[in-house]
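FYI, it's all coordinate maths here, none of it is from the lab. The shown structure was predicted, so the numbers you read here are calculated from the model rather than taken from an experiment. Neighbour counts run over all protein chains shown; Cβ positions are idealised from the backbone, glycine included.
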């Protein structure tokens, strides 16, 4: 028999973490193009079609402004409340939707998982990519509203991309963790909306934590909340709202630690997901 | 057991065991947890593949036959790396492509967009898919339906599209699980040609099916699986005759 077995490799053993990442990177187009297809499919058959990606955030912010800006007036201590609210609502929803989408990304793609061997990490990554792409019109809307409400671009604006990148990698880490738990415990999908409602009020999306909580110690405790960190930093960039140094440190720590923990956590049961 | 067919080995399965858990009831509900102290899910371990060894050679088409539940699909999934082994090993020259019972990848999207998604999952680049998309559509024979949502396809049309996607880049090792029985006469002829292309390029094909004439026509050797073990492996007509004799015997008794 010619040829030896030396170029046969093991088809069943999971690859090392670096090989796995390399393979996922080689197929990165999947994580960009597939969510793009799904986004397009989302609003098929509606009258407004793809315009919904812009109309949706407008309505979202409109409702919050009506309730918290006009009816309840939580604008205490904030100069530009509309800008403040828009940044909060838009960035908060980006993380919420990315994480909630990641919770169902395995179960929604069982057909694909059971017929093609590919790095499953691409699915939560695709979920985050898709929501990030869907968020772009909302980001544009936020920037326009901030300008319309009287802010002028300053050097601080240049720091915004760094904040958004930090939020993106934070979302990735959270998505990886939630994807694994959601694949094994379907109840998570029901729990997440309530969890995010709680986080919503604990992150100062609609009110200024600084204005409502006077104790500096308690205020500092908010820095452990990553969403609060993201919002504080983004508002500092665009509105010049004061930002606690602990919020900046908190965001940096979350953005470095969570993706690493998430990758490790996801990889540990990668082979069992959806099998 | 393996008479050498001349070519060198493309996939080597050694004493492979694949077990999986079948959960009796989905997840313990609150009632079970509190009333019965039942925290863990109750499951049975199904030993679907119990010690299979076989070699797949260059330029070979291997038939895989056996009753429903014999473990054919499990073995093919394990060979693709979709299921972990309990013990044993499966080595291969490259990762086999598996063509299984077809579900629509994205039912709401058109066949054309599903070609893109399926191709990307298989590891093709967008440019590769775009340069081949016409060829894929022509091969599937679905030119008229290709821009319709995939949920409007019949199961035969789905299977044709899947086969066309999976073989768009001729794989070195192709495992086909019950996928060829569907499709009309003309498509079956075309897919047979594609299988011949793979084997003539020193690749290997495994054909898992119930349709015996197909097996006898295409295969160089036939493996007969029964209850997770290999009952016979060898000359197609002999193995098929042996298999059919047990089928008719149990049918008569």
Would you pick out the residues in region B:200-225 that are touching a strand residue (DSSP E or B) at 6+ places or on another chain (Cβ under 6 Å) and in a helix (DSSP H, G or I)? B:215, B:218
Among the residues of region A:240-262, which ones are touching a residue at least 40 places away in the same chain (Cβ under 8 Å), part of a helix (DSSP H, G or I) and buried (at least 19 other Cβ atoms within 10 Å of the Cβ)? A:251, A:254, A:255, A:258, A:259, A:262
Return the residues of region B:154-167 that are in contact with a helix residue (DSSP H, G or I) (Cβ under 7 Å, 6 or more places away or on another chain) and assigned to a loop (DSSP other than H, G, I, E, B); say none if nothing qualifies. B:167
Residue A:156 - would you say it is part of a helix (DSSP H, G or I), farther than 15 Å from residue A:91 by Cα, under 17 Å from the mean Cα position of the chain (by Cα) and in contact (Cβ under 8 Å) with a residue 24 or more places away in the chain? no
More than 22 Å from the chain's Cα centre (by Cα), surrounded by fewer than 19 Cβ atoms within 10 Å (Cβ to Cβ) and part of a helix (DSSP H, G or I), is that true of residue A:67? yes
Within region A:4-42, residues assigned to a loop (DSSP other than H, G, I, E, B) and either more than 24 Å from residue A:106 (Cα to Cα) or away from chain B (no Cβ under 11 Å) (or both) come out as A:4, A:8, A:16
Top-ranked residue in region B:100-121 [being touching a strand residue (DSSP E or B) at 6+ places or on another chain (Cβ under 7 Å) and facing chain A (nearest Cβ under 8 Å); ranked as surrounded by the most Cβ atoms within 10 Å (Cβ to Cβ)]: B:100
From A:21, A:39, A:112, A:91, grab the single residue that is buried (at least 21 other Cβ atoms within 10 Å of the Cβ) and within 26 Å of residue A:184 (Cα to Cα). A:112
Scan of region B:85-99 for residues that are facing chain A (nearest Cβ under 7 Å) and surrounded by fewer than 23 Cβ atoms within 10 Å (Cβ to Cβ), ordered by number: B:85, B:89, B:91, B:95
Residue that is surrounded by fewer than 21 Cβ atoms within 10 Å (Cβ to Cβ) and not in a helix (DSSP H, G or I), where the choices are B:134, B:147, B:138: B:147
Against the condition in contact with a helix residue (DSSP H, G or I) (Cβ under 6 Å, 6 or more places away or on another chain), assigned to a helix (DSSP H, G or I) and under 23 Å from residue B:58 (Cβ atoms), how does residue B:197 come out, does it pass? no
Can you tell me which residue among A:99, A:125, A:61 is away from chain B (no Cβ under 14 Å), crowded, with 19+ Cβ neighbours inside 10 Å, under 30 Å from residue A:29 (Cα atoms) and in contact (Cβ under 8 Å) with a residue 12 or more places away in the chain? A:99
